[in-house]
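The structure under discussion appears below in the form of structure tokens.
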Amino acid sequence: MSIYSLATPPPRRVVVGITGATGAVYGIRILAILRQLNIETHLVMSKWAIATLKYEAATTAAEICRLASKVYSFKDMAAPIASGSFVHDGMIIVPCSMKTLAAVRTGICDDLISRAADVSLKEGRRLILVVRETPLSDIHLSNMLFLRQAGATIFPPVPAFYNRPQSLDEMVDQSAGRILDCLGIYTDGFRRWNGFEKDNDHVVGVENSQDG
């Protein structure tokens, strides 16, 4: 007869999938933030993610892998994250292509990213899909609605302008911070909305005009 005892709680860990959609910079920034916060990360990049990187980022695939605690091939269906017994705090697919969105919606686990997402849903863990496409077709919208109803969070990385970003980095930081908010990981690396604030003779966000 087995004798059970309480196991040591696992460290905070997040699964990150990067697909070939435009927006790899969001995935890179999230990995960098989680590394700084000493949160364990498990990374999978699709073959098209690696191809897209050559056009979008000065960072190489090898450099991105070094940001993660563990890295798996997208073909490795025997990886720990493919099993529901692997406990984690949530998964982020960032960016999430429409192909991956469709695969997750239909349960076609033909690579490790879609399989890990499928496992996250069936185990009731948080799944954040940072979808990147525009304009959106009826098929895209239907897939997003279905997955939202299944428990996933649909997070298009829409930039905020109330914080008056001065650079692309600030815009990426704001989206990355809000994505992590969805996992209950709160950071102070970006400016949050704090109501209208007076700035000299103006109120930030509202023009001082008689025309309203």
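Summary table
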read-out	value
Residue check for Gly27: touching a strand residue (DSSP E or B) at 6+ places or on another chain (Cβ under 6 Å) and either among the acidic types (Asp, Glu) or not in a strand (DSSP E or B) (or both)	yes
Within the stretch 1-25, considering residues that are within 28 Å of Pro157 (Cα to Cα) and of a type in the set (S, T, N, Q), the one surrounded by the fewest Cβ atoms within 10 Å (Cβ to Cβ)	Thr22
Scan of the stretch 55-69 for residues that are in contact with a Ser or Thr (Cβ under 9 Å, 6 or more places away or on another chain) and either assigned to a helix (DSSP H, G or I) or under 16 Å from Asp89 (Cβ atoms) (or both), ordered by number	Tyr55, Glu56, Ala68, Ser69
Unique residue being surrounded by fewer than 16 Cβ atoms within 10 Å (Cβ to Cβ) and hydrophobic (A, V, I, L, M, F, W, C) when the list is Val158, Val172	Val158
Close pairs from the stretch 20-31: first free of Cβ contacts under 8 Å to residues at least 60 places away in the same chain, partner charged (D, E, K, R) and surrounded by fewer than 22 Cβ atoms within 10 Å (Cβ to Cβ), Cβ under 7 Å, at least 6 apart	none
Criterion: surrounded by fewer than 20 Cβ atoms within 10 Å (Cβ to Cβ), under 22 Å from Arg115 (Cα atoms) and either in contact with a strand residue (DSSP E or B) (Cβ under 6 Å, 6 or more places away or on another chain) or not polar (S, T, N, Q) (or both) - qualifying residue of Met77, Met45	Met77
Residue under evaluation Asp118, criteria (1) touching a Gly at 6+ places or on another chain (Cβ under 8 Å); (2) in contact (Cβ under 8 Å) with a residue 24 or more places away in the chain; (3) surrounded by 15 or more Cβ atoms within 10 Å (Cβ to Cβ), criterion not met	(2)
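Each reported figure results from applying straightforward, stated rules to the coordinates on display, with no laboratory input. This one's a predicted model, so the numbers in the text were calculated from it and none came from an experiment. Note that we place each Cβ from the backbone using ideal geometry, even for glycine, and neighbour counts take in every protein chain shown.
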